[in-house]
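What follows is a short report on a single structure.
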Amino acid sequence: MRPAGLTVLDHPLVQHKLTLLRQKETSVADFRRIAREISLLACYEVTRDLPLETVPIETPLEPMMGRMISGKKLCFVSILRAGNGILEGMLDAVPSARVGHIGLYRDPVTLQPVEYYLKVPEDIGERRVIVVDPMLATGHSAAAAVARLKQAGAQQISFVCLIAAPEGLDVLATAHPDIKVFAGAVDRSLDEHGYIRPGLGDAGDRLFGTK
Ligand code: URA
């Protein structure tokens with residue numbers, strides 16, 4: 001089952017930058033910068049339907065009615081640690097957004113995601129929540145993170161990633177058919193180690209230079 005609300009970010013700038021990101025020669029500094037640039041563009045797409053209101057303002061020359069975002073404010077939630085590589089670009093686009101973090105690890109015996117960190121704004125229920133993680137691989141961490149955020153009160157949740165595997169999209173859509181997913185690309189499949197193929201390798205290691 002694919003999310004009904006799957007949007008592939010097919011803008012040429014996103015696709016070009018994603019190809020640069022995937023290349024194994026791309027340095028850590030460039031990887032970080034390009035991930036941030038793509039995330040800013042992804043933020044543009046995920047916020048496309050934010051409601052606007054008209055407000056009276058004055059330019060140096062005359063009064064006018066301007067348009068500003070109304071309604072629910074935003075909260076970005078980064079799935080640690082690689083989500084932080086996306087967070088930066090999202091905050092470039094919406095500097096006033098609130099930020100939450102969730103940390104999950106995979107239990108080596110049960111293979112289920114276990115939460116080790118959660119900090120989100122108290123008013124998360126009144127905000128539009130955008131969860132970020134560069135790679136939607138098995139989908140188990142994403143589904144667990146969304147479940148935990150719903151438990152914390154989040155009601156309207158979208159998920160942004162750079163690359164999704166078909167398996168991860170299925171898992172997330174089955175667990176949470178209500179959430180919209182925005183992905184730079186949907187790749188072929190997962191390999192036996194849980195890496196997305198062709199993918200870009202380990203996003204965390206490439207962002208932080210840990211390998
Ligand atoms: N996480 C990554 O960083 N890369 C993958 O390919 C899958 C999960």
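All of the numbers you see were taken from the coordinates with simple rules; none came from a lab. This one's a predicted model, so the numbers in the text were calculated from it and none came from an experiment. Virtual Cβ from ideal backbone geometry, glycine too; neighbours counted across all protein chains shown.
Which one is nearest to the ligand (Cβ to nearest atom) among residues in the range 111-137 that are part of a strand (DSSP E or B) and under 23 Å from ARG48 (Cα atoms)?
MET135
When you check ALA142 against the structure, is it buried (at least 21 other Cβ atoms within 10 Å of the Cβ), over 30 Å from ARG188 (Cβ atoms) and out of contact with any Ser or Thr (no Cβ under 9 Å at 6 or more places or on another chain), yes or no?
It is false that ALA142 is buried (at least 21 other Cβ atoms within 10 Å of the Cβ), over 30 Å from ARG188 (Cβ atoms) and out of contact with any Ser or Thr (no Cβ under 9 Å at 6 or more places or on another chain).
Tell me which of these ARG148 doesn't satisfy, since it passes every other one: (1) more than 18 Å from the chain's Cα centre (by Cα); (2) among the basic types (Lys, Arg); (3) over 18 Å from LYS24 (Cβ atoms).
Of everything listed in (1) more than 18 Å from the chain's Cα centre (by Cα); (2) among the basic types (Lys, Arg); (3) over 18 Å from LYS24 (Cβ atoms), ARG148 misses just condition (1).
For the range 76-110, name all the residues that are within 16 Å of the ligand (Cβ to nearest atom), under 23 Å from ASP123 (Cβ atoms) and in a loop (DSSP other than H, G, I, E, B).
Selection gives LEU80, GLY83.
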